[in-house]
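Heads up: the structure comes next, in structure tokens.
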Amino acid sequence: MPLSHPEMLQDDCAGVARAADVLRNGGLLGLPTETVYGLAADARNGQAVARIFEAKGRPKFNPLIVHVPSLDHVEELVELGAGAQSLAEAFWPGAMTLVLPSKGAVADLVSGGLPTLAVRIPAHPLAQRVLQAFGGPIAAPSANPSGQVSPTQAAHVAAGLGAKVDAIIDGGPCGVGLESTILAPSNSGVRLLREGGIAREEIERLVGPLADDLTPGRVEAPGQMERHYATNVPLVLGGEPQDGDIRIGFGPVAADLTLSESGDLVEAAARLFSVMHEADALARKTGAKRIHVADIPEVGLGRAINDRLRRASHPQA
């Protein structure tokens, strides 16, 4: 009889071994990274990858990010040019994904029919231990129903996907809290495909100005869908809050919940999705019709935070 809820695993040797077994057996694993929790499967197993799309309700043209433990593993999957090499040395392990020419070593569904593959080396210690125990590439988009708020805690994964995921290994809250920054390096420069957990200023100090390629709905990499990260109760940005709104604040302002009372963008990024989950639950509990978010500065990680909020917002609410 199938389980009615996912198997919950702890951050210990037994939990890591069991997590690796779930992946080897074609299962789906809720896996913490420093960015968000991923819905992980063996990237070489087409049936397991198909289960990711089914569990999330994700369009099959929307590619997945493959996670590996080291640069040697990256080079088995993609063509790594000089520009990508310098980015890898500077920012991996970490919250950066590179889109590079694929060597065809993973299931076709992973790349969404594209000749490129999105790859990343996560920095989360537990993700690294699971990757090393498993010994292969893991496809892992965010572990939530497609288009909804990303999970930054094990409980978010269980609430969103339930028994659609076979097991969840609990690594605590995610430290970065925003998905990875996605870059496409080539001989002509570096394109920015998605704002994320590494601010563009850090990257530009290494490679010079990035070419923005952030057109909503143009799916060359994960996270480019025009509508994404949506709460159940409409979320609105800008303007004045209305009476009865659930207010998400930033800085020293009156609010029901806050991203950072001190106005710290790193703290705000780490708390963003968790606060969105809390605000949605509070709005449904109180009958509020809207969630209002205070203005976030469009600098550093604020760009990535605003990107997620714009995709989640309901302009007509």
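In units of 2.2 N^0.38 Å, what is the alpha-carbon radius of gyration of region 235-312? After normalising by residue count via 2.2 N^0.38 Å, the value is 1.00.
Stokes-Einstein diffusion for region 8-145, with the hydrodynamic radius set to the Kirkwood value over Cα pairs and evaluated at 4 °C in a medium of 1.567 mPa s, equals 88 µm²/s.
Sorted from longest to shortest, the spans of the Cα atoms of region 1-82 along the three principal axes equal 49, 33, 24 Å.
Can you give the percent of C-alpha pairs in region 85-238 whose distance is more than 27 Å? Taking all Cα-Cα pairs of region 85-238, the fraction more than 27 Å apart is 26 percent. Placing +1 on each Lys and Arg Cβ and -1 on each Asp and Glu Cβ, with no other charges, gives region 82-234 a dipole about its Cα centre of roughly 200 debye.
Per-residue ellipticity at 222 nm, computed for the chain from helices alone with -39500 (n - 2.57) per DSSP H run of at least four residues, works out to -9500 deg cm²/dmol. Bridgeable aspartates and glutamates around Lys60 (alpha carbons under 17 Å apart, same-chain partners fewer than 8 residues away excluded): Asp42, Asp108, Glu220, Glu226. Spherically averaged projected area of the convex hull of Cα atoms, the chain: 15.8 nm². If you take all other residues with their beta carbon under 14 Å from the beta carbon of Glu204, and give Lys and Arg +1 and Asp and Glu -1, the sum is 0. Could you tell me the distance between the Cα centroids of region 185-202 and region 233-272, to the nearest Å? Cα centroid of region 185-202 versus Cα centroid of region 233-272: 27 Å apart.
Cβ under 12 Å from Val74's Cβ, Val74 left aside: what net charge do those residues give with Lys, Arg +1 and Asp, Glu -1? Charge balance in the 12 Å sphere: -3.
Each peptide among 143-155, 12-24 gets the average number of other Cβ atoms lying within 10 Å of its residues, and from highest to lowest they stand as 143-155, 12-24. Counting beta carbons within 10 Å around each of Arg120, Arg284, Arg308 and listing the fewest first gives the order Arg284, Arg308, Arg120. Size check on region 126-181: the Cα extents along the three principal axes, sorted descending, read 30, 28, 20 Å.
Read-outs: derived from the displayed coordinates by stated rules, not from any lab. A quick note: this is a predicted structure, and the numbers were derived from the prediction, not measured. Cβ atoms come from the backbone with ideal geometry, glycine included; neighbour counts cover every protein chain shown.
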